[in-house]
Each structure stands twice: as C-alpha cells, then as structure tokens.
Amino acid sequence: MSAFDVHRYRSEFPNLKINVHGKPLVYLDNAATTLKPRCVIDAVNAYYVTGVSNVHRGVHFLSEQATAAFEFSRQVVRQFLHARRVEEIIFTKGATESLNLIAQSYGRHFLKKGDEIIISHMEHHSNIVPWQMLCQQTGSVLKVIPINDKGEIIFEEYLKLLSDRTKLVSLVWVSNSLGTVNPVKALIDEAHKRGAVVVIDAAQAVTHLPINVQELDCDFLVFSGHKVLGPTGVGVLFGKEKYLEAMPPYQGGGDMIKSVTFAGTTYNDLPYKFEAGTPPIAEVIGLRSALEFLQSVSWENVKEHKKELLEYGTKILLAIDGVRIIGTAKEKTSIISFVVDGIHPHDLGTLVDQEGVAIRTGHHCTQPVMQYFGIPATARASLALYNTKEELDILAQAVKKAQAVFQH
Amino acid sequence: MRDELYQQTILEHNRSPRNFKKLEGATHLAEGYNPLCGDHLQVYMKITPNGVIEEAAFEGSGCAISKASASMMTMALKGKTIDEANLLFDEFHKLVIGQLKPDLQPNHLEKLTVFSGIWQYPARVKCASLSWHTMHGALEKTKIISTE
C-alpha cells in the first residue's frame, strides 16, 4: 500500500472525525452512500454563500456565473465518462430517476407488446420495478438472467434468453449486495448482436472502476452523485445522442422548451429537453468537485488499496466461527456481504453500531438476491478508498462481541 | 448513553421463543411483514365466543427483537379479553415510541417493560411492534366480521 497514503485522503473527509456512541466512527456503508470530501462541501457551500442563482435564465452576474459553473460540471461528467458529446449528459436526481426516465421515455415510445426486456437476478429494485411498470404499460415481457451460487451471472443462460424479440437489456455493472463485477463489455456486445439497446446501471461501479462509455459502447449508463463522493439529489443519465434525440421528453416544464403557446410547444435541444424545472444546481456543482477529487487519485492505486481491503476483510471475517460470505464472485469489488449463524443481521447491525461501526443490514433493495440465497437479509461492509485494515479489525472485533452477547 | 437493548430476557426469548408454532383451530390470525428488513410472521389466536383469548401463538422469521417481542406478547395475551388486549396494544405502542414511562405512569405491561429502552433505537421500534400490529390486525378483522 506504499503508493497509496490512505491517511492523507482520510484527512479530506471531515465526517470521519466524529465519534459514535463514544467511539471513533468506522464508516463501512459506502455502497449506501459515501462520505464527502471537503472540496465537495466547500463547493456546495460556496454556491449557497456567494453564488446563489438560478441557471439558464437571468442575464445578471450571478445567473451567468451559476450557469457557467453548472455547464462546466456537465463537461467534467462528460470527460469522466469519456462520452463523445456534452449533449449526451443529462442531470437527474439520481440513478433511480435516470432508469425511470429511460423506461418511460425510451421504453414507452419504442417497446410494444411481446417485446422482451432482459435484466439479471442481481439487480437493485431500481433496475427491476421501472421495467415491470413498463411491461404493464406496453405488454412487453421481462426476462431474468439467473445467477449461480457465487453470485455471478450465468452467461450461457443470458445467451439463451437473447433473441430477436429482445429489445432492451438493462444490467448492473457492480452488484450492491454481492460485490460482483459483471463482464459488461461482453454482455453489451452480445445484446448488440441481436440489435437490443443496452442500459448499464453504474451506481456502484462509478467509484470502483474507470468508465469509458465509448469503449463499452453501452447505449445508456446511469449513476448517482452521492455514491461517488458527491452530494445527494443529483444523478446522471448518459445516453447516445441518436437515442436521446429520438426520445420524447420525460417531464414537461420550464427549461425543456424552446417556445410555448397554447397551440403547442417546441421542445428544447439536448440535454435540456430532459431537464424540466430548476435542476439541483448546488448538487451538480458539488458533483464536479467529487469527480475531480476522484480523478486526482490514481485509479490503479485505489484499485490496489481496495483489493487489499477486500482480501483482508474477507479473511478476518471468515476466521470468525459461524460467519458466511454471500457473494464470492471471481471478479468482485470491495463489498462484503455476510451472515453470522444465530444472529439476525439487524441485531448484528445494532450491536456493531455500539462500537461505532456503520454497516448496512437488510436486503439492500435486492430482495430477489436474498430469495436466491434463502436468507432474509445480510450484513454488508462496503469499503471506500478512505477505509483501512484497522477499521476492518474493529468490525471483526465488534462481530465477535455481538456473538458473545448472543451466547450468554 | 442509551439503555442496553439486548437484555437477558430478550436474548432468552430469542433463543427459546414461547408459543412458537402454528395454532390449530385458531379463530383469529393475521400475517405481519416488515418490508424494511424482511421480518415476516403469523400471529394466531384462539378466542372464546365471549371474547377471551384462550391461546396465542406465532410463527415466522425475524431478528431477536421481533422474535422476543412476539414470544412475550403471546404469553401476555393468554387469558386477556379482547378489550384488555387492545388496551395492552395501546400501552405497548406508547412504550416503544417513548410516550409511556412505565416507572411513572400506571400500566398493565408487567414484563413487557423490558422493551422500554427501544425508543432510543428508532430503527428498531418496528421490530418490537410488528407482532403487536399483526395481533391488532387480527382482532380488527373480527370487528369487521362481527359488525356484519
């Protein structure tokens, strides 16, 4: 871990300095939301202290300044995703809204009865329910790629599901409850052979892997700002221009129009066509700082650091009697879902919280994954670049302490 | 400092829940589900024609808090009238949200006061109250039936 000075980065995250129940916070719930570096907090703050204005409207100083900052964020996102054009970057309120936008705008316009949509068994509810709603509206049919005991997509089964009826494939890149990294490039290529449009849910991938939408050749890709060190309330939809152009607006309102009369309305150009109403301006500005922060750290070093954390965390948790890891994919990122014999994850969550350790417990909005593994819930430690092996030791100790409580 | 949540009574009921079975011949039953955590249980009651709970039982899966709460509830309900059960539901509900202080206010909770500290764990209140809401639902259904 020589190339990566974790303590230098830790000092950038003020939230790490708090105590919880009298103990230093050990924050291992990064798949739910990440902590925010000071630069993000400062950027949001600066907008509210000296830069407040709406965007794309006024001709006054503050409005021009806010508009420039807002649009510069779009440039930074474009560059972060390696998208071809800035018009392909739409700001939403989160990955969930981005997926709903695709389902309701692209899906309702282009899918019809009997068309098939493919998702996987490991999707987050936000990549299941919008498609179920679309199927109800259009008569399209939802198909689900099964997973194996390690929590990996069964590729051969995917190939069997693909057909000329397949019109849309929407897949998670990194599973939030299992940590599995899916072979998205190969999955996308197979879908394209059948002429299907591919949506990639990058909500978790975005902090773990560099993203190049042109190399991936995905048609849409979504993520949320708050899972990538940024503010809540802002998300991104990347879409290939040809699809976005062909799609009807998702919501109507201000900013998404060129002209409005009672006889009819002309819609605005991309990306504004999909950004009705005042956008989350402070959040978009904060997102830029988050992405710049991430880009200032070498992906390779972060990857190595997280790999070490994943291996270490897996090792010390498995060393505890009665601990089982859920999700053991060959390609896996630093998300460790586990169960402890005789202790319900919720009890475990409360007991480790007493030690200052924040983990997520529950079904992680992936109930079908829980059903597959025959468990109601798991405990999940999800690790970010600022986490340390020492924190994993504290987690392991806290788990042992919880076991002691339950063995009394 | 918060009160200790996992008291011995709770841990003990979690380990060996009482009346943890399907109740044959139940006159009232309902299913409770907490979508937040996936806790899932059935509550059964055998109620006499004059409205006395002869027996109560439960089945299902959940955390220690929900299991212990259900177990202790079935014990507390035995022999109570429907009105008494409804009163107890009310008191327990107030207890777990911190609106009833058992040391200061008269109540019928007895051993159930072991849950008096749970309001300090807001995310866990639903775990303790799931079985009670389910029981209440089972009783409510009767009312609808009896008014017909």
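Rounded to the nearest 5, the antiparallel percentage of DSSP beta bridges internal to the range B:8-143 is 95%. Could you compute the FRET efficiency for residue A:212 and residue A:400, with r as their C-beta to C-beta distance and R0 at 51 Å, rounded to 0.05? Computed FRET efficiency for residue A:212 and residue A:400: 0.75.
Under 29 Å of direct C-alpha separation, and excluding same-chain neighbours fewer than eight residues apart, residue B:21 reaches these lysines: B:46, B:67, B:78, B:80, B:94, B:111, B:126, B:141, B:143.
Taking the Cβ of each residue in A:67, B:74 as the centre, tally the other Cβ atoms inside 10 Å and list the residues starting with the fewest.
Details: A:67 17, B:74 25.
In order of increasing Cβ crowding within 10 Å: A:67, B:74.
Going from the fewest other Cβ atoms within 10 Å to the most, the residues B:20, A:338 appear in the order B:20, A:338. With the highest mean first, a sort of the peptides A:275-287, A:146-158 on other beta-carbon atoms found within 10 angstrom per residue produces A:275-287, A:146-158. The H on the amide N of residue A:235, modeled in the peptide plane, is under 5 Å from the matching H of A:92, A:93, A:94, A:225, each at least 5 residues off or on a different chain.
Note on A:138, B:9: ascending count of other Cβ atoms within 10 Å places them as B:9, A:138, the fewest first. Extension gain, residue A:137 to residue A:265, is 43.5 nm, computed as 0.36 nm per intervening residue step minus the present C-alpha separation. Helix A:38-50 versus the longest principal axis of chain A: what is the Cα-based angle in degrees, 0 to 90, to the nearest 10? Helix A:38-50 sits at roughly 40 degrees to that axis. For chain A, the longest principal axis of the alpha carbon atoms and the long axis of helix A:129-138 meet at an angle near 40°. Note on residue A:273: aspartates and glutamates with a C-alpha under 13 Å away, same-chain residues under 8 apart excluded, are A:87, A:88, A:241, A:245, A:255. For the peptide B:54-62, the mean number of other protein chain Cβ atoms found within 10 angstrom of a residue's Cβ is 1. Oblate is the label for the range A:41-295. Its Cα gyration tensor axes, ordered a ≥ b ≥ c, give a/c of at least 1.5 and b/c at or above a/b.
Please give the FRET efficiency for residue A:79 paired with residue B:12, using the beta carbon to beta carbon distance and R0 = 45 Å, rounded to the nearest 0.05.
Here the calculated transfer efficiency is 0.15.
Here the label points at residue A:192 and residue B:103, each 7 Å from Cα along the C-beta direction, are separated by 6.9 nm in the simple model. Fully extending the segment from residue A:71 to residue A:33, taken as 0.36 nm per residue of separation minus the present Cα-Cα distance, adds 11.2 nm. Rounded to whole numbers, the Karplus 3J(HN,Hα) couplings from phi for the range A:343-357 are 10, 5, x, 5, 5, 4, x, 5, 6, 6, 4, 4, 8, x, 9 Hz, using 6.51 cos²θ - 1.76 cosθ + 1.60 with θ = phi - 60°, and x at Gly and Pro. Bridge orientation summary for the range A:75-197: considering DSSP beta bridges with both residues in this region, about 20 percent are antiparallel. Among DSSP beta bridges whose residues both lie in chain A, state the antiparallel percentage, nearest 5. DSSP beta bridges in chain A are roughly 60 percent antiparallel.
Assuming a ≥ b ≥ c are the square roots of the Cα gyration tensor eigenvalues, decide whether the range B:8-143 counts as rounded (a/c under 1.5), prolate (otherwise, with a/b larger than b/c) or oblate.
Details: a/c = 1.62, a/b = 1.21, b/c = 1.34.
Cα axes put the range B:8-143 in the oblate bin.
Just check the protein assembly as shown against the gyration tensor rule for me: Cα atoms, a ≥ b ≥ c as the square roots of the eigenvalues, rounded for a/c under 1.5, and otherwise prolate or oblate depending on whether a/b exceeds b/c.
Judged from the Cα gyration tensor, the protein assembly as shown comes out prolate (a/c at least 1.5, a/b above b/c).
Across the range A:12-26, coupling constants 3J(HN,Hα) worked out from phi with the 6.51/-1.76/1.60 Karplus curve, θ = phi - 60°, read 7, 10, x, 5, 5, 7, 7, 9, 10, 6, x, 10, x, 4, 10 Hz, and Gly and Pro carry x. Proximity of backbone amide H atoms, modeled 1.01 Å from N, is registered between residue B:30 and B:43 at under 5 Å, excluding neighbours fewer than 5 places apart on the same chain. So if R0 is 30 Å, what FRET efficiency would residue A:5 and residue A:148 give, r being the distance between their Cβ atoms, rounded to the nearest 0.05? So, using R0 = 30 Å, E works out to roughly 0.20. Modelled label positions at residue A:315 and residue A:330, each set 7 Å beyond Cα in the direction of Cβ, lie 2.3 nm from each other. Scan around residue A:357 for amide H atoms under 5 Å from its own, H built in the peptide plane at 1.01 Å from N, and keep only partners 5 or more places away or cross-chain. For residue A:357, the qualifying residues are A:26.
In chain B, the longest principal axis of the Cα atoms and the axis of helix B:64-77 are about 50 degrees apart. Within straight cross-link reach of residue A:332, meaning Cα distance under 17 Å, which lysines are found once same-chain residues fewer than 8 apart are removed? Cross-link targets: A:150, A:185, A:303, A:306, A:307, A:315. Taking label positions 7 Å along the Cα-Cβ direction at both residue A:257 and residue A:17, the computed distance is 4.9 nm, reported to one decimal.
Around the Cα centre of chain A, unit charges on the Cβ atoms of Lys, Arg, Asp and Glu (plus for the first two, minus for the last two) sum to a dipole of about 280 debye.
Here, each number is a calculation from the coordinates, and none is a lab measurement. Keep in mind it's a predicted model, so treat the numbers as computed, not measured. Heads up, the Cβs are rebuilt from the backbone with ideal geometry, glycines too, and the neighbour counts pull from every protein chain shown.
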